[in-house]
Amino acid sequence: NLLFTNFPQTPYLEEALYLQGVNYLMTGDAERSRDTLDLLDKQFPQSRFQAQALRTSGDNAYALEDWAAASDAYRGFLADHPDVDGADEIGLRLATSHWELDQYAEAAEVLRTVADQTDSAERSFNARLLLARSLTRLGDTAAADALLGVLHEEAEVYTKQGNVLIAEAENLLAKGDADGAAGLLESMPQEWGARDVKAPAADILAGIYLRRGDL
């Protein structure tokens, strides 16, 4: 900030804008990061930092849950840099953005690539778990079942038993077995109920109870 104030004509403005955009992202201020990177794009449209800025813009949008902007940025970055370090992590974020936009076919395509190419066992697990849920949404419950059978065995390693249970319940619902889904969630051990498990479990159960008339 002092550089911008005291030396507005600095020859390092291009690099400084990029670094400041990253700084804001790292300190949790995604909106100011996005504004700074927008300024970089306007003042230096041919900037040598545009590729890195595109990824950072994706991270900003992801943090702000602007899923459309995140998917556009990540997709553009990976198109230009498919072999970059961390491509699997970016791919998983891209797939998550597609998922949040209800673009399940697009999510599934990216997730298969991530699961096949990543060197991280945990990232492969997370990719396959979201892939199973995407397949359920696409109506391919048999393929989702096959994936979930394997994931069920691996879940304890990553303390994701509850997350797999949610996916299994969703798949049962897609097959018309509401009672089976309810039974699965009602018998879920208390220790599996992490924050990202409790809310979807409650949502699914509430919907089942409502349809039953169990007000």
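At 1.4 Å probe size, with every protein chain present, just tell me what the per residue accessible area of the stretch 1-110 comes to in Å².
Normalised by residue count, the accessible surface of the stretch 1-110 is 57 Å².
Using every pair of alpha-carbon atoms in the stretch 109-215, split the distances into 10 Å bins beginning at 0 and state the percent of pairs per bin, rounded to integers.
15, 46, 31, 7, 1
Tally up the carbon and sulfur contribution to the accessible surface of the chain as a whole percent, 1.4 Å probe, everything protein left in place.
49 percent
Using 0.36 nm times the number of residues separating VAL84 and ALA194, minus their current alpha carbon distance, what extension gain do you get?
On the way: separation 110, 0.36 × 110 = 39.60 nm, distance 3.30 nm.
Gain on stretching VAL84 to ALA194: 36.3 nm.
Could you order the peptides 165-172, 176-183 from most to least packed, using the average number of other C-beta atoms within 10 Å per residue? Don't jump to the answer; show the numbers that get you there.
Values: 165-172: 23.5, 176-183: 15.5.
The peptides rank, most packed first, as 165-172, 176-183.
When only alpha-carbon atoms are used, what values of Rg and Dmax, in angstrom, describe the chain?
When restricted to the Cα atoms of the chain, Rg and Dmax are 21.1, 69 Å.
May I ask you to order 16-28, 55-67, 195-207 by the average number of other C-beta atoms within 10 Å around their residues, highest value first?
Working: 16-28: 17.3, 55-67: 20.5, 195-207: 14.2.
Top of the packing list down: 55-67, 16-28, 195-207.
Quote the relative contact order of the chain in percent (integer), defining contacts as alpha-carbon pairs under 8 Å separated by 6+ residues.
Working: 233 pairs, mean separation 20.7, N = 215.
Contact order relative to length: 10 percent.
Please grab the % of Cα pairs in the stretch 11-82 that end up more than 13 Å from each other. The partial results should precede the final answer.
On the way: 1526 of 2556 pairs.
Pairs farther apart than 13 Å: 60 percent.
Run the Debye formula on the Cα coordinates of the stretch 63-160, all scatterers equal and no solvent, and tell me log10 I(q)/I(0) at q = 0.17, 0.23 1/Å.
Values, matching the q order: -0.73, -1.20.
Give me the 1.4 Å probe accessible area per residue for the stretch 126-181, excluding ligands and nucleic acids, in Å².
Values: 2390 Å² over 56 residues.
Per-residue accessible area for the stretch 126-181 comes out at 43 Å².
Quick check: pseudo-label points 7 Å beyond the Cα along Cα→Cβ at ASP177 and ARG212, how many nm apart are they?
1.6 nm
The values are calculated or read from the model by the stated rules, or taken from the named source; none is laboratory data. Just so it is clear, the model here is predicted, and its values are computed rather than measured. All Cβ positions, glycine included, derive from the backbone under ideal geometry; neighbour counts span all protein chains shown. All accessible areas refer to the heavy atoms of the entire protein, side chains included, with ligands and DNA or RNA removed. Shrake-Rupley method; radii C 1.70, N 1.55, O 1.52, S 1.80 Å.
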